[in-house]
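For reference, the structure is listed below as C-alpha cells.
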Amino acid sequence: MNLIRRSFITGCTATLLTLPYLSAQESPPVLRDAAEVTPRGGLPNVLAKLQAGQAVKVGYLGGSITAAPGWRVKSLKWLQDKFPTAKLSEINAAIGGTGSDLGVFRVQRDVLDHKPDLLFVEFAVNDGGADPARIQKCMEGIVRQTWKVDPATDICFVYTLSEPFLNDLKAGKASRSVTAMEGVADHYQIPSIHLGIGVASLEKEGKLTFKGEKPTAPAKPGDPILFSGDGVHPHVETGHELYLQTIIRAWPAIAEKGAGAKPHALTAPLRADNWEKAKLVPVTQDMLKGSWTKIDMPTHPIGKGYQQRLPGMWKATGPDAVLEFEFEGSHVAGYDLVGPDGGLLEVTVDAQPPKKLARIDAHCTYHRLATSLLLTGAPEGRHHVRAQLLAEAPDKRKILFPKNVPDMEKNPAKYQDNVWHLGGLLLLGDLVK
C-alpha cells in the first residue's frame, strides 16, 4: 500500500511504501488551549553557561521554516547580543519538507554528535498531517536520545504555523500536532514557545495579512504586516521578525524557571513504544549485489550537496542492482534521494507480495532527500528486506506535475537515466550480520 503524506511546509508529497504492516491510528487528541509560552522546567544549564560567558552551541532541528535565514539566525544573534561575553555557535540541522519522523533518526548525526548545549525542535507544521501517536513516539525519541547522550543538554519545543492552523489558533486552540507535542513536553518538563499565537492575533485584528504578494512599493504606516507569500514560509523581514519577538517575550518566563544548572532526569517513558532506539546506519558492501557504484561525496556533483546529512552514498545503475539485508526490529526505511533520474524499485519484505516504488515524484525537476522502503508497525522480530532496481522505467511524464513537464521536454537528458541514490538506512532495531 502506498501512502501519500503532504508536507504542510512545502506542499511537497513523498510516497512512503509501507510493507506490509500498518498500525491503527489512535484517536486524535482533544485540542489544547494555545499558550504562547509554557516555561515548565526552563533552560537551566544553557542559562548558567550564557551568564558565565562560556561557549554555547545552539542546535536547530526542524524543517524549511527553520532552514530559512529567519528565526534561527535572528534568535542566535539576539542571544549573542543579550549575553555578549558568551561565545555562541550554531548547529543548523534543518531540512525542508521533513518532520519528526525523520528527525528522530538523524538527531544523533546531525545534532548530538556536535555536542549542543541547547536544542530547539521545530516540527509542528511538517507534522501537521501526521498521526498524533506517531508524533509523540518520534518527539519522545528525540528527547530520550538527547538526554541519554548528555543529560545537561536543554531542549525547547518551538511551534510555527501554516494556514491550516490559523483558524484553530484564532479560536484559542493549538493544532493537533502541537497538542501531541505538548503531551511530551509536559512529561519531560520541556519549555515550549508557540511562535504563531501573536501572528494569529494580529491577523484576527486586521493588522496582518497572512498570505499575499509582496508589494512593489514600501509599506505605509498603518498598513497590515504581510506575513508570508505562500501561507507557510514567513518573510524574513516581517514574519520571521514576529517569530523573534515572540521568543524575546517568552525568554523571561523561561529564564525564571531555569535557576541552577542540573542534569535532566530521564524518567520512565510517556510511551513504551517511543522511538528512542531510532538510528541512521550506513549501507555496507555486503548488503549490495550487482551494479552499484560508491559515490565520492566531496567531489561528486550530486553527492557533495548531501555529505553533511548522509553517512555515504551508493548509486544503483542497472537492473541487477539489489539491496538485501535482515534486521531485528519493527521499522526500516531507506534514506535516499528522489530526482529526475530516479528509477523504479521492486521491494519485498518477508513473504509478502512485492511492491513497486518510483524514486521520482511530481516535484522532481531536482534532487532532494527522501525516505523509501518504509516498513512500519511490523511485529517486533526478524525481517528480511530486498529491493531491486528494475529495468522498467517509471512513467515520469505522468508522475510530474503538469507545470514540470516542460522541464522534462526541454532537458530530456536529465530524465533519461533510471537510477537509485541510496544514502543509509533508518532503523528501529538492529541489523542481522
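The values are calculated or read from the model by the stated rules, or taken from the named source; none is laboratory data. Since the model is a prediction, treat every value here as computed from it, not as a measurement. Counting neighbours? That spans all protein chains shown, and the Cβs are built from the backbone with ideal geometry, glycine included. We work out accessible area using only protein heavy atoms, side chains counted, and drop any ligands, DNA or RNA first. Shrake-Rupley method; radii C 1.70, N 1.55, O 1.52, S 1.80 Å.
Within region 187-200, one or more residues are part of a helix (DSSP H, G or I), in contact with a strand residue (DSSP E or B) (Cβ under 8 Å, 6 or more places away or on another chain), open to solvent by less than 50 Å² (accessible area, probe 1.4 Å) and over 26 Å from Leu112 (Cβ atoms).
Residues in region 110-133 that are out of contact with any strand residue (DSSP E or B) (no Cβ under 9 Å at 6 or more places or on another chain) and closer than 14 Å to Asn92 by Cβ: Asp113 only. When Val232 is tested against (1) part of a strand (DSSP E or B); (2) closer than 30 Å to Val184 by Cα, just one condition goes unmet, and that condition is (1). Only one of the numbered conditions (1) touching a Leu at 6+ places or on another chain (Cβ under 8 Å); (2) open to solvent by 80 Å² or more (accessible area, probe 1.4 Å); (3) of a type in the set (Lys, Arg) is not met by Arg359, and that is (2).
Of everything in region 157-186 that is among the acidic types (Asp, Glu) and within 30 Å of Ala268 (Cβ to Cβ), the residue that is most open to solvent (accessible area, probe 1.4 Å) is Asp186. The listed residues are Leu280, Leu242, Leu270, and the only one of them that is in a loop (DSSP other than H, G, I, E, B) and either closer than 30 Å to Phe83 by Cα or of a type in the set (A, V, I, L, M) (or both) turns out to be Leu270.
Of the strands (runs of 3 or more DSSP E) contained entirely in region 325-409, those carrying at least 2 residues that are in contact (Cβ under 8 Å) with a residue 60 or more places away in the chain and among the β-branched types (Val, Ile, Thr) fall at 344-349. For Trp420, the conditions (1) touching a residue at least 60 places away in the same chain (Cβ under 8 Å); (2) closer than 16 Å to Thr365 by Cα; (3) outside any strand (DSSP E or B) all hold with the exception of (3).
Can you pull out every residue in region 109-133 that is in contact with a Lys or Arg (Cβ under 7 Å, 6 or more places away or on another chain) and open to solvent by 30 Å² or more (accessible area, probe 1.4 Å)? Passing the criteria: His114, Lys115, Gly129.
Take the conditions open to solvent by less than 70 Å² (accessible area, probe 1.4 Å) and in a strand (DSSP E or B) and apply them to Leu310. Does it pass?
Numbers: open to solvent by less than 70 Å² (accessible area, probe 1.4 Å): yes; in a strand (DSSP E or B): no.
Taking the combined requirement at face value, the residue does not satisfy it.
Criterion applied to Ala393, Ala378, Ala370 was being of a type in the set (Gly, Ala, Ser) and crowded, with 22+ Cβ neighbours inside 10 Å, and the one residue passing it is Ala370.
Okay, residues lined up against (1) within 19 Å of the chain's Cα centre (by Cα); (2) among the charged types (D, E, K, R):
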{"residue": "His367", "(1), (2)": "yes, no"}
{"residue": "Ala387", "(1), (2)": "no, no"}
{"residue": "Pro394", "(1), (2)": "no, no"}
{"residue": "Lys398", "(1), (2)": "no, yes"}
{"residue": "Pro406", "(1), (2)": "no, no"}
{"residue": "Ala413", "(1), (2)": "no, no"}
{"residue": "Leu422", "(1), (2)": "yes, no"}
{"residue": "Leu425", "(1), (2)": "yes, no"}
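Give the residues of region 77-103 that are of a type in the set (Gly, Ala, Ser) and open to solvent by 30 Å² or more (accessible area, probe 1.4 Å), sorted by residue number.
Step one: list which residues in region 77-103 are of a type in the set (Gly, Ala, Ser), which gives 86, 89, 93-94, 96-97, 99-100, 103.
Answer for region 77-103, where residues must be of a type in the set (Gly, Ala, Ser) and open to solvent by 30 Å² or more (accessible area, probe 1.4 Å): Ser89, Gly96.
In this structure, Thr10 does not satisfy being in contact with an Asp or Glu (Cβ under 7 Å, 6 or more places away or on another chain), modelled with pLDDT under 95 and either buried (at least 19 other Cβ atoms within 10 Å of the Cβ) or of a type in the set (D, E, K, R) (or both). Scanning for something surrounded by fewer than 22 Cβ atoms within 10 Å (Cβ to Cβ), of a type in the set (S, T, N, Q) and under 26 Å from Glu163 (Cβ atoms), does region 64-72 turn up at least one residue? The answer is yes; a qualifying residue exists.
Residues in region 245-267 that are surrounded by 14 or more Cβ atoms within 10 Å (Cβ to Cβ), part of a loop (DSSP other than H, G, I, E, B) and either basic (Lys, Arg) or touching a Leu at 6+ places or on another chain (Cβ under 9 Å) (or both): Lys257, Gly258, Ala261.
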